[in-house]
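**Student:** Would you mind keeping the following structure in view while I ask a few things?
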Amino acid sequence: MRLRIDGRKGLTPEAVAAVTAVCDVAEDGAGAGKVIVEVSGAPEAAWSTDLTVSLVSKWERAVRRLERLPATTIAVADGDCGGLALDAMLATDYRIATGTVRLVVPVGDGTAWPGMAIYRLARHGAHTAAIRRAVLFGTPIAAADAVALHLVDELAADPAAALALAAERGGAVTGTELAIRRQLMVDAAATSFDEALGVHLAACDRTLRRAAVAVDS
């Protein structure tokens, strides 16, 4: 399953529909296969002129759905990535980029766009200088900084080869269990040990039961 996001284009209902369609296929497949998200491009200065809060809400919900799929999601980024491209890339499990990549928080009317990309960037380090400059001033995050901040997993001179290897590695956990483990990691940053313990024990119990069924069969 492939999703192509061009960050130069403004947000449209068609963009929301494209993400939704891929999510439909991935969910219908119960986690079988992988979703490849190809991203590039950053918007022009006037990209947000005709946006409505309703459309932005639909987009953010579609990206959140992509982020929680029961399938491995892998991004391949090239060149400047901002706007829709940055949103989609930050919602994936594994991120491959070429050496030319720059992550760009779009700026309009003299301020950075306050979308959920800021939220996802801040989770990687709100007090990191490169992220602070990106959010407050729209300064692009260069490839080396993106790797150092774990916004990108690897830089690749041959993205196709890197993608093939990442796809092969990404098959160990699939389906609902992948989504559960992803959520356990996300929740860890804001959940106390005692609050998290019950959820982790429940996940352990499911894993043990599934192993026992496999042995019996």
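The values are calculated or read from the model by the stated rules, or taken from the named source; none is laboratory data. Predicted model, so just to flag it, every value in this text is computed and none were measured. In this analysis, Cβ positions are derived from the backbone assuming ideal geometry, glycine residues included, and neighbour counts consider all displayed protein chains. Just so you know, the surface numbers come from the protein's heavy atoms only, side chains and all, with ligands and any DNA or RNA stripped out. Shrake-Rupley method; radii C 1.70, N 1.55, O 1.52, S 1.80 Å.
**Student:** Going by the structure shown, is Arg102 more than 17 Å from Leu163 (Cβ to Cβ) and at pLDDT 95 or above? Show your work before the answer.
**Tutor:** On the way: more than 17 Å from Leu163 (Cβ to Cβ): yes; at pLDDT 95 or above: yes.
Yes; evaluated as a whole, the condition is true for this residue.
**Student:** If you don't mind, there's one more thing I want to ask. Please go through segment 74-83 and pick out each residue that is open to solvent by less than 10 Å² (accessible area, probe 1.4 Å) and either part of a helix (DSSP H, G or I) or over 15 Å from Pro140 (Cα atoms) (or both).
**Tutor:** Ile74, Ala75
**Student:** With segment 127-209 as the region, which helices (runs of 4 or more DSSP H) entirely inside it contain at least 1 residues that are closer than 23 Å to Gly82 by Cβ?
**Tutor:** Working: elements: 129-137, 143-148, 159-169, 175-188.
Passing ranges, in order: 129-137, 143-148, 159-169.
**Student:** (1) open to solvent by 10 Å² or more (accessible area, probe 1.4 Å); (2) in contact with a helix residue (DSSP H, G or I) (Cβ under 6 Å, 6 or more places away or on another chain): which one isn't true of Ala71, the others all being true?
**Tutor:** Condition (1) is where Ala71 drops out.
**Student:** Quick check: is even one residue across segment 156-174 surrounded by 18 or more Cβ atoms within 10 Å (Cβ to Cβ), within 19 Å of Gly99 (Cα to Cα), touching a helix residue (DSSP H, G or I) at 6+ places or on another chain (Cβ under 9 Å) and at pLDDT 85 or above?
**Tutor:** The answer is yes; a qualifying residue exists.
**Student:** Quickly run through segment 95-117 and pick out the residues that are surrounded by fewer than 20 Cβ atoms within 10 Å (Cβ to Cβ) and in contact with a strand residue (DSSP E or B) (Cβ under 7 Å, 6 or more places away or on another chain).
**Tutor:** Looking only at segment 95-117, we keep the residues that are surrounded by fewer than 20 Cβ atoms within 10 Å (Cβ to Cβ), and these are 98-100, 102, 107-112, 114, 116.
Thr98, Gly99, Thr100, Arg102 - these are the residues of segment 95-117 that are surrounded by fewer than 20 Cβ atoms within 10 Å (Cβ to Cβ) and in contact with a strand residue (DSSP E or B) (Cβ under 7 Å, 6 or more places away or on another chain).
**Student:** Further, regarding this structure: Name the pairs: first residue in segment 31-45 and in contact (Cβ under 8 Å) with a residue 60 or more places away in the chain and of a type outside the set (A, V, I, L, M, F, W, C), second residue part of a strand (DSSP E or B) and crowded, with 20+ Cβ neighbours inside 10 Å, Cβ to Cβ under 8 Å, at least 6 apart or on different chains?
**Tutor:** Lys34/Thr72; Lys34/Thr73; Lys34/Ile74; Pro43/Gly82
Here is a yes/no grid of residues against (1) open to solvent by less than 70 Å² (accessible area, probe 1.4 Å); (2) in contact with a Cys (Cβ under 8 Å, 6 or more places away or on another chain):
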{"residue": "Arg8", "(1), (2)": "no, no"}
{"residue": "Ala15", "(1), (2)": "yes, no"}
{"residue": "Thr20", "(1), (2)": "yes, no"}
{"residue": "Ala26", "(1), (2)": "yes, no"}
{"residue": "Ser40", "(1), (2)": "yes, yes"}
{"residue": "Thr52", "(1), (2)": "no, no"}
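**Student:** How many residues are in a helix (DSSP H, G or I), among the acidic types (Asp, Glu) and at pLDDT 90 or above when one looks only at segment 1-47? First the steps, then the outcome.
**Tutor:** Going through segment 1-47, the residues in a helix (DSSP H, G or I) turn out to be 13-28.
Checking which are among the acidic types (Asp, Glu) leaves us with 14, 24, 27-28.
Keeping just the survivors that are at pLDDT 90 or above gives 14, 24.
Counting residues in segment 1-47 that are in a helix (DSSP H, G or I), among the acidic types (Asp, Glu) and at pLDDT 90 or above gives 2.
**Student:** Out of (1) assigned to a loop (DSSP other than H, G, I, E, B); (2) over 21 Å from Leu178 (Cα atoms); (3) not β-branched (Val, Ile, Thr), what's the single condition that is false for Pro70?
**Tutor:** Just one mismatch for Pro70, condition (2).
**Student:** How many residues are within 17 Å of Pro106 (Cα to Cα) and over 12 Å from the mean Cα position of the chain (by Cα) if we restrict to segment 58-81?
**Tutor:** Qualifying residue count, segment 58-81: 5.
**Student:** Also: On the basis of being over 16 Å from the mean Cα position of the chain (by Cα) and of a type in the set (Val, Ile, Thr), does Val104 make the cut? Even if it seems obvious, please write down each step before you answer.
**Tutor:** Working: over 16 Å from the mean Cα position of the chain (by Cα): no; of a type in the set (Val, Ile, Thr): yes.
No; evaluated as a whole, the condition is false for this residue.
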